[in-house]
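The values are calculated or read from the model by the stated rules, or taken from the named source; none is laboratory data. Because the structure is predicted, anything quoted here is derived from the model rather than measured. Here the Cβ is made from the backbone with ideal geometry for all residues, glycine too, and neighbour counts use every protein chain on show. Only protein heavy atoms, including side chains, enter the accessible area calculation; ligands, DNA and RNA are left aside. Shrake-Rupley method; radii C 1.70, N 1.55, O 1.52, S 1.80 Å.
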Amino acid sequence: YSEALAEMAIPNHLPTGKWRGIAGNGRIALVSRADCVDCAAAVLTGAGHENKAYHITGPELLSFRDVAIMTAEISRRPLEYVEISDEEMYAFYDSLGVPRAASENPNAEVIPWCSDDMVSFEQAIRGGYFAILTEDVRKLTGHPPRPMRDILMAHRHLYKV
């Protein structure tokens, strides 16, 4: 979700001015939670959706580097995307005490994810598996999906010093 970056990732990266990640130049059409809810409501209350699959995407393919540049413009604070290795990403999560595998997570209520989830997600972005852009949000809801810039603007209060 767009909000996952806007609410959690970016506020954690801004203090250092460095966004360390492994997604490289891979791109993803980040989608807002509200657009997902709108699409689900349209499918659940509408007809003709049986046996259909939709790709619910945001309006543009962006790399994390693109999002860092937008964030720097909006926050007026430096934020550079820095590529690191998969091993360095695992080491970062290890330093936070995040379990590597879901089966190793005795605190799933507090941290409902594991580092394998996060690392494999960025690997998939890097590999191009999320470089999908559709018009499904507009087709289902009648409105365009919310751009990442709008989501960042709505959360800019989190980016102040």
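Closer than 24 Å to THR134 by Cβ and not aromatic (Phe, Trp, Tyr): is that true of LEU14 in this structure? Answer is no for this residue. In contact (Cβ under 8 Å) with a residue 40 or more places away in the chain and surrounded by 13 or more Cβ atoms within 10 Å (Cβ to Cβ) - does that describe any residue in the stretch 45-54? For the stretch 45-54, residues in contact (Cβ under 8 Å) with a residue 40 or more places away in the chain and surrounded by 13 or more Cβ atoms within 10 Å (Cβ to Cβ): present.
Take THR45 and tell me if it is under 17 Å from the mean Cα position of the chain (by Cα), under 26 Å from ALA29 (Cα atoms) and not aromatic (Phe, Trp, Tyr). No.
At least 1 residues being at pLDDT below 95 and open to solvent by less than 60 Å² (accessible area, probe 1.4 Å) is the threshold, and among the helices (runs of 4 or more DSSP H) wholly inside the stretch 56-161 those reaching it are 86-96, 115-126. Among the residues of the stretch 1-55, those identified as out of contact with any helix residue (DSSP H, G or I) (no Cβ under 7 Å at 6 or more places or on another chain) and among the hydrophobic types (A, V, I, L, M, F, W, C) are ALA4, MET8, ALA9, ALA29, ALA34, CYS36, VAL37, ALA40, ALA41, LEU44, ALA47, ALA53. Screening the stretch 9-20 for residues that are assigned to a loop (DSSP other than H, G, I, E, B) and free of Cβ contacts under 8 Å to residues at least 40 places away in the same chain and picking the one that is surrounded by the most Cβ atoms within 10 Å (Cβ to Cβ) gives THR16. Just one of the listed residues (ALA6, ALA34, ALA41, ALA23) is modelled with pLDDT of 95 or more, part of a helix (DSSP H, G or I) and either open to solvent by less than 20 Å² (accessible area, probe 1.4 Å) or closer than 20 Å to SER115 by Cα (or both), and it is ALA6.
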